[in-house]
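Single-structure report; data block below.
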Amino acid sequence: MAQRVAVSDGGSKKTSRVRVAVRLRPYMGKEDEKGEGPCVKGLDSQNLEIINWRNATETVKYHFDAFHGEQTTQQEVFLSSVKPILPHILNGQNASVFAYGPTGAGKTHTMLGSSEQAGVIPRAVREVFNLVRAKDEEEGWDYSIGMSYLEIYNEKVLDLLSPNSHDLPIREDKDKNILIPGLTHTTISSFSDFDKHFVPASLNRTTASTKLNQRSSRSHAILLIKVVRTRRALPNRQQIGKLYLVDLAGSEDNRRTGNQGIRLKESGAINLSLFTLSKVVDSLNSGTAIRVPYRDSKLTRLLQDSLGGSAHSVMITNIAPEYKYYFDTFTALNFAAKSKLIVNKPFTRETVAVLPVKRSREGHEAGGSGTEPQKKRQKEDKKAEQDGSSPSTHLHSLSEPSVLDRLIALEKQMMSCKDKDRIGMLKDVAQYRKEIQELKEKQREFENKTKLLSRLAGEKSGTSQEPNFKNNIAPLERKQSTAMKAKKQQAVVQPLQVTQQVVVVKKQSVCVKKKESKLPDQVEPPDGKENMIQDGWESQIDTSVLEHSRQNILQILNSGSLKELKGLQQIGVKKAKLILGWREIHGDFTKVEDLTKVEGMTEKRFSTFMKANILSNMGK
Ligand code: ADP
Ligand code: MG
């Protein structure tokens, strides 16, 4: 009787964990229309980093079980991520290898490869034959190897070895083995025998895909290699080990990328399977979920006995380095990294400087000097736009409705919505930021041309630098002093390689300057109380006590829960939510003054807030 070894291995989380490897394919200049260069970089054999879309001056660093850089060969990927799990299928255990990632990132290259660079599938099948041959000689078991090849498309299971088949059912037997009645299963006696069946079936799939609007990128191709071993001596015990080799559908969001001609149903079905896979991987790796949601999609249902339990699973997340894949790469890495977070190998955010051109975008995000609430800023931007005085005039006129307005509206909305909606919105926010960046680049180009033209026309004037100067300053920074503007401009034109330290220092010096330059011109509040609050009490407190309180407040701002934030003086539910929302979008507050960047937190309110909290801290 077929016997599956230990469906549950006594709750050992080690064996049920899905190992995650990331493979970065080489940079392809032709894919990068704007020549922006790679946005992902490998660090070592387990770590990589990508520019943080929430703040382009930062990178996000990820840690995985393995990282395969651009130069990694097919053989290396196979040896490190796949070969080690294969012996298990000869002992009646199951295994699965699946390639995940956006279309064009190298899934098929990894799994199938080419005749010159064979991928995981041919190498794994060869290895299974080698292993069986070696075992055959030394043990009293007979082995037989068989294959099935299927595709899940639109939540339908289709037999690729029998192209005219219809949707096949997935069943579970009493031993919890997953079966597909009616699926062709062919015994194979050698690698060339395998090739004989596999190659035409793969070709079938490719031909169908060109006819059907690149269907292959929207379907999951699943090769099953089954090893049955039977004891020669009586009673003829039998064990079955299954190996699933899966080339998953592209993980890009087809609706977001506006793929032509995709019916909603198709797009939804892909997302359902991948979404469920992510939930399954997540709950397996956390080891805490009571119910792993295998049944929620065909893909996970099919892989149920080969993911989790005593199965050995490897996910190879394929990513591409070009900017046009930025979002999908980010999403794919987060999908993969989520499980790493749960096993306490979280990615860490690092404050590392990268692209100077993006620093002007940071200006948007940080809200310039951050002394005004967003609403007010919006109003002023509009006003300035009308009278043409705004440096963002071109920017706004290029987008209808203004990208910036949409961005601000979205960010506001995001602060009051649930986590699951928030992810979608975060994507949109980042998309808008990218648009803003593109518009700014266009604007710069346009202004450079204008400058050139005026020079050619002999219009030499002292203000000829003006448009360029303005251009580099984000519209939200208009309220800053001239000294401050000059500082910002310097930051924008810094060379590409700015080290972490330099940036931090820069940031601080900008911040100090800001304070210095602001205080003298600070607009007096109508009742003049503001300065009293500012000057009176702070000077009477010991500086170390003051600093300690500021650090306490900063810590709560950065890591406090909603309840803890509400526990601060002057912070109600609404403000606490706004703070959480800000944190979600921009990351940590670097200093307590950053609080003025949160909507509605004017300088006056901030002063009152600081006074109330510091005094209350001291009273404790
Ligand atoms: P996907 O299956 O994820 O859509 P492909 O495997 O078709 O992506 O890869 C897209 C293109 O990139 C193909 O031309 C492929 O040959 C090439 N490619 C992918 N990964 C690599 C790699 N590691 N080395 C060289 N070329 C690669
Ligand atoms: Mg492919």
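Overview of results
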| read-out | value |
| --- | --- |
| Within segment 515-566, considering residues that are of a type in the set (D, E) and modelled with pLDDT under 85, the one nearest to the chain's Cα centre (by Cα) | E516 |
| Hits in segment 542-570 - residues which are in contact (Cβ under 8 Å) with a residue 24 or more places away in the chain and open to solvent by less than 10 Å² (accessible area, probe 1.4 Å) | S549, I553, L557 |
| Condition broken by V40, with the remaining ones in (1) more than 16 Å from ligand 2 (Cβ to nearest atom); (2) open to solvent by 10 Å² or more (accessible area, probe 1.4 Å) satisfied | (2) |
| Every residue from segment 571-581 that is free of Cβ contacts under 8 Å to residues at least 40 places away in the same chain and either open to solvent by less than 50 Å² (accessible area, probe 1.4 Å) or not basic (K, R) (or both) | I571, G572, V573, K575, A576, I579 |
| Criterion violated by Q93 - all others in (1) assigned to a loop (DSSP other than H, G, I, E, B); (2) within 12 Å of ligand 1 (Cβ to nearest atom) satisfied | (2) |
| Any chance D282 is among the charged types (D, E, K, R), away from ligand 2 (no atom under 16 Å from the Cβ), outside any helix (DSSP H, G or I) and modelled with pLDDT under 80 | no |
| Which numbered condition E70 misses (of (1) within 16 Å of ligand 1 (Cβ to nearest atom); (2) open to solvent by less than 40 Å² (accessible area, probe 1.4 Å); (3) not polar (S, T, N, Q)) | (2) |
| Segment 590-602 - residue that is under 24 Å from E547 (Cβ atoms) and at pLDDT below 85 and, of those, surrounded by the fewest Cβ atoms within 10 Å (Cβ to Cβ) | K597 |
| Check on A99, on the phi < 0 side of the Ramachandran plot, within 8 Å of ligand 1 (Cβ to nearest atom) and touching a helix residue (DSSP H, G or I) at 6+ places or on another chain (Cβ under 7 Å) | yes |
| Unique match (being open to solvent by 30 Å² or more (accessible area, probe 1.4 Å), modelled with pLDDT under 95, in contact with a strand residue (DSSP E or B) (Cβ under 8 Å, 6 or more places away or on another chain) and outside any helix (DSSP H, G or I)) among D136, D167 | D167 |
| Identity of the residue in segment 108-118, among the polar types (S, T, N, Q) and more than 16 Å from M315 (Cβ to Cβ), that ends up farthest from ligand 2 (Cβ to nearest atom) | S115 |
| When residues of segment 139-164 are limited to those that are of a type in the set (S, T, Y) and crowded, with 20+ Cβ neighbours inside 10 Å, the one modelled with the lowest pLDDT | Y153 |
| Qualifying positions in segment 302-316 - outside any loop (DSSP other than H, G, I, E, B), open to solvent by 10 Å² or more (accessible area, probe 1.4 Å) and modelled with pLDDT under 90 | Q304 |
| Of the criteria (1) within 16 Å of ligand 1 (Cβ to nearest atom); (2) without any contact (Cβ under 8 Å) to a residue 12 or more places away in the chain, which one P84 fails | (1) |
| Segment 79-107 - residue that is surrounded by 21 or more Cβ atoms within 10 Å (Cβ to Cβ) and of a type in the set (S, T, N, Q) and, of those, nearest to ligand 2 (Cβ to nearest atom) | T103 |
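Condition check ((1) in contact with a Lys or Arg (Cβ under 9 Å, 6 or more places away or on another chain); (2) in a strand (DSSP E or B); (3) at pLDDT below 50) across all residues:
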site: T300; (1), (2), (3): yes, no, no
site: N318; (1), (2), (3): yes, yes, no
site: N334; (1), (2), (3): no, no, no
site: S339; (1), (2), (3): yes, no, yes
site: P346; (1), (2), (3): yes, no, yes
site: V352; (1), (2), (3): yes, no, yes
site: S360; (1), (2), (3): yes, no, yes
site: G370; (1), (2), (3): yes, no, yes
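The values are calculated or read from the model by the stated rules, or taken from the named source; none is laboratory data. Keep in mind it's a predicted model, so treat the numbers as computed, not measured. Cβ atoms come from the backbone with ideal geometry, glycine included; neighbour counts cover every protein chain shown. Heavy atoms of the whole protein, side chains included, go into the accessibility calculation; ligands, DNA and RNA do not. Shrake-Rupley method; radii C 1.70, N 1.55, O 1.52, S 1.80 Å.
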